[in-house]
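This report refers to the structure that appears directly beneath it.
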Amino acid sequence: MIPVVFDLDGTLVDSVPDLAAALNRVFTAEGQAAFDLPTVTSFVGKGLANLVARAMEARGLDPADHKRLAASVLAAYEAEPSARTRIYPGVTGALDALRAKGHPLGLCTNKPEAAALMLLRDLGLAHHFDAVVGGGRIPALKPDPAPLWLCIRELGAESAIYVGDSEVDAETAQAARLPFLLYTEGYRKSPAAELPQTAAFSDFAELPGLVAAQL
């Protein structure tokens with residue numbers, strides 16, 4: 001049975017509140033104003049280092065401080081990755097249904113891998129996934145398709161259906177030439193119709209049927 005590989009932030013979980021808490025903890029300690037949730041959401045998508053770089057640019061901070069601040073934000077996030085994060089409605093049922101039909105499940109995220117694994121464990125989602133590839137495992141990040149292909153190989157497969165919520169995810173699937181199912185309630189910045197996709201859904205109850213339609 002063909003695997004289904006998922007993005008994490010904005011697809012399976014709403015994690016921006018915890019990302020914002022970590023970012024603001026570090027930036028306020030630097031004497032900077034805190035960011036609101038919509039602003040942090042706009043920074044999400046290309047990994048934590050990019051999120052911190054965009055936050056620094058917004059506050060006019062010296063790029064030479066990026067390595068230090070990124071390390072501090074990661075440490076703050078890993079200290080409390082799940083306190084405010086919530087699983088989107090219907091996710092657990094959809095994952096159970098897909099596994100019951102024999103689909104291996106994978107996770108491919110730009111979130112640093114150790115933080116992703118902690119979050120999955122804390123939220124009780126880890127057991128659903130046969131392979132997890134996060135940021136830092138290889139140098140490339142999505143939208144480069146290399147992390148997605150690594151996840152697929154670790155599932156013992158040569159193809160997959162990819163599920164994500166953003167422009168980055170759509171571009172990743174397009175680069176990999178794989179079917180892409182777009183969750184429309186996540187963190188994308190542009191209209192759903194503008195993203196290349198095989199199908200779109202707003203309710204995870206629809207996902208097993210959409211996967212079956214690709215077989």
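The values are calculated or read from the model by the stated rules, or taken from the named source; none is laboratory data. Since this is a predicted model, take the numbers as computed values, not measurements. Cβ sites come from the backbone with ideal geometry, for glycine too, and all protein chains shown count toward neighbours.
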| request: Go through the residues of segment 36-43 one by one and say whether even a single one is in a helix (DSSP H, G or I) and free of Cβ contacts under 8 Å to residues at least 12 places away in the same chain. | output: yes
| Mind checking which residues of segment 20-46 are crowded, with 20+ Cβ neighbours inside 10 Å, in contact with a Leu (Cβ under 7 Å, 6 or more places away or on another chain) and more than 16 Å from Asp65 (Cα to Cα)? | Ala20, Phe35, Val40, Phe43, Val44
| Taking the stated definitions as given, is Ala205 within 14 Å of the chain's Cα centre (by Cα), of a type in the set (A, V, I, L, M, F, W, C) and at pLDDT 95 or above? | no
| query | Which of the residues belonging to segment 98-143 are part of a helix (DSSP H, G or I), surrounded by fewer than 17 Cβ atoms within 10 Å (Cβ to Cβ) and small (Gly, Ala, Ser)? | reply | Ala100, Ala114, Ala126
| Among the candidates Arg86, Arg54, Arg99, Arg121, which residue alone is under 22 Å from Ala173 (Cβ atoms) and basic (Lys, Arg)? | Arg99
| task | Among the residues of segment 1-34, count how many are β-branched (Val, Ile, Thr) and within 22 Å of Pro208 (Cβ to Cβ). | result | 5
| With respect to Ser202, is the statement that it is closer than 24 Å to Val40 by Cα, small (Gly, Ala, Ser) and touching a residue at least 40 places away in the same chain (Cβ under 8 Å) true? | no
| Subset tally (residues that are modelled with pLDDT of 95 or more and aromatic (Phe, Trp, Tyr)) for segment 63-111 | 1
| field | Positions within segment 61-80 being in a loop (DSSP other than H, G, I, E, B) and either closer than 17 Å to Asn24 by Cβ or not assigned by TED's automatic domain parsing to the domain that holds Ser42 (or both), in sequence order | value | Leu61, Glu80
